[in-house]
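First the structure, in the form of structure tokens, and then the observations on it.
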């Protein structure tokens, strides 16, 4: 019953003018900020830990407020994508450095896009499939099955394939061997069995080594991708030049170095514009759990 009411709400919201719909979700973000003291605390704990307690109170408050707003705008994009045409998406998202992708495919190689929870990650995900090529995107199974189906339907609107995280290596290898593309998030909290220890924001942290493994093993190209905006209406999807993975006699070192390079790329984005990253996520939960206990 609850999900059916949600679908009715979606129909109603999509009948509203675009600006009214956006204002509604911005209001929800402000409301969530007011009501969720626990989430506000998580943002503060993350920022103080990542930036060594150097941020002012005003900076922390500004980023915290934007974190809630940005999360709700990502939810809005998920809803709007379900009703969006390729032409509408092209007007909303401009592509920068598409040549990096074309160069790899001209070489007859597959691509591993490394992505993050940065700015409008939901819009960026579907923009790749609509404007560049379909991607096999890895996701973590959700507890709410009807909502999961709704989310995955939106993400697959323009041709993406949703690959559930459990036992995902074989499907990823199949895509790479077929010279296709896959997308992997590198900024989710993982346990010690799933990743390598790297340095991120000056702190030790576990990060998935799958992109580096696939690139090295199957001669795929790692292409970092991000999306940002100045006005929350027009977005720029940026592809970065291929992140090379060495292939020496020391496989472990090659994968370690490539994984560290990915972390440094994300860190550079965050230090330049910290408000865009998903600070509501307890990224350091497994490696530095003490920061969330105070």
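The values are calculated or read from the model by the stated rules, or taken from the named source; none is laboratory data. Please read all numbers here as calculations on a predicted model, not as lab measurements. All Cβ positions, even for glycine, are placed from backbone atoms using ideal geometry, and neighbour counts span all protein chains on display.
Scanning region 180-192 for residues that are over 19 Å from residue 278 (Cβ atoms) and surrounded by 15 or more Cβ atoms within 10 Å (Cβ to Cβ) yields 180, 181, 182. Residue-level check: of (1) surrounded by 15 or more Cβ atoms within 10 Å (Cβ to Cβ); (2) assigned to a helix (DSSP H, G or I); (3) out of contact with any helix residue (DSSP H, G or I) (no Cβ under 7 Å at 6 or more places or on another chain), residue 84 misses just (2). Taking the condition modelled with pLDDT of 95 or more and touching a helix residue (DSSP H, G or I) at 6+ places or on another chain (Cβ under 9 Å), does residue 69 pass? Yes: the conditions hold for residue 69.
Residues of region 274-294 being assigned to a loop (DSSP other than H, G, I, E, B) and closer than 17 Å to residue 70 by Cα, which ones? Reasoning before the result, please.
Step one: list which residues in region 274-294 are assigned to a loop (DSSP other than H, G, I, E, B), which gives 278-288, 293-294.
Passing the criteria: 278, 279, 280, 281, 282.
For region 217-241, which positions are part of a loop (DSSP other than H, G, I, E, B) and either closer than 19 Å to residue 199 by Cα or touching a helix residue (DSSP H, G or I) at 6+ places or on another chain (Cβ under 6 Å) (or both)?
Matches in region 217-241: 220, 241.
For region 47-90, a tally of residues being free of Cβ contacts under 8 Å to residues at least 24 places away in the same chain and more than 24 Å from residue 36 (Cβ to Cβ) returns 4.
Within region 180-195, how many residues turn out to be modelled with pLDDT of 95 or more and either within 21 Å of residue 102 (Cα to Cα) or not in a loop (DSSP other than H, G, I, E, B) (or both)? Walk me through it before giving the result.
Of region 180-195, the ones modelled with pLDDT of 95 or more are 180-187.
Pick out the ones that are also either within 21 Å of residue 102 (Cα to Cα) or not in a loop (DSSP other than H, G, I, E, B) (or both) and you get 180-185.
Matching residues across region 180-195 total 6.
Filter region 198-237 down to residues that are closer than 30 Å to residue 91 by Cβ and touching a strand residue (DSSP E or B) at 6+ places or on another chain (Cβ under 8 Å), then give me how many there are. Residues in region 198-237 being closer than 30 Å to residue 91 by Cβ and touching a strand residue (DSSP E or B) at 6+ places or on another chain (Cβ under 8 Å): 13 in total. When each of 270, 227, 198, 222 is tested for being more than 17 Å from the chain's Cα centre (by Cα) and at pLDDT 95 or above, the lone residue that passes is 198. If the condition is being more than 20 Å from residue 215 (Cα to Cα) and either touching a strand residue (DSSP E or B) at 6+ places or on another chain (Cβ under 7 Å) or loosely packed, with under 14 Cβ neighbours inside 10 Å (or both), then region 89-112 contributes 90, 91, 92, 93, 94, 95, 96, 97. Filtered by the rule that a residue be touching a helix residue (DSSP H, G or I) at 6+ places or on another chain (Cβ under 6 Å) and assigned to a helix (DSSP H, G or I), region 245-273 gives 254, 255, 258, 259. Could we say that residue 44 is without any contact (Cβ under 8 Å) to a residue 24 or more places away in the chain, surrounded by 13 or more Cβ atoms within 10 Å (Cβ to Cβ), under 25 Å from the mean Cα position of the chain (by Cα) and part of a helix (DSSP H, G or I) here? Yes, satisfied. Of all residues in region 193-216, those that are in contact with a helix residue (DSSP H, G or I) (Cβ under 8 Å, 6 or more places away or on another chain), surrounded by fewer than 22 Cβ atoms within 10 Å (Cβ to Cβ) and farther than 19 Å from residue 266 by Cα total 1. Scanning region 245-256 finds no residues that are within 18 Å of the chain's Cα centre (by Cα), closer than 24 Å to residue 267 by Cβ, surrounded by 15 or more Cβ atoms within 10 Å (Cβ to Cβ) and touching a residue at least 24 places away in the same chain (Cβ under 8 Å).
How many residues are surrounded by fewer than 14 Cβ atoms within 10 Å (Cβ to Cβ) and part of a helix (DSSP H, G or I) when one looks only at region 47-73? Working first, answer last.
Filtering region 47-73 down to residues surrounded by fewer than 14 Cβ atoms within 10 Å (Cβ to Cβ) leaves 52-54, 56-58.
Then drop every residue that is not part of a helix (DSSP H, G or I), which leaves 57-58.
Final tally of qualifying residues: 2.
Scanning region 138-170 for residues that are under 23 Å from residue 99 (Cβ atoms) and buried (at least 18 other Cβ atoms within 10 Å of the Cβ) yields 158, 160.
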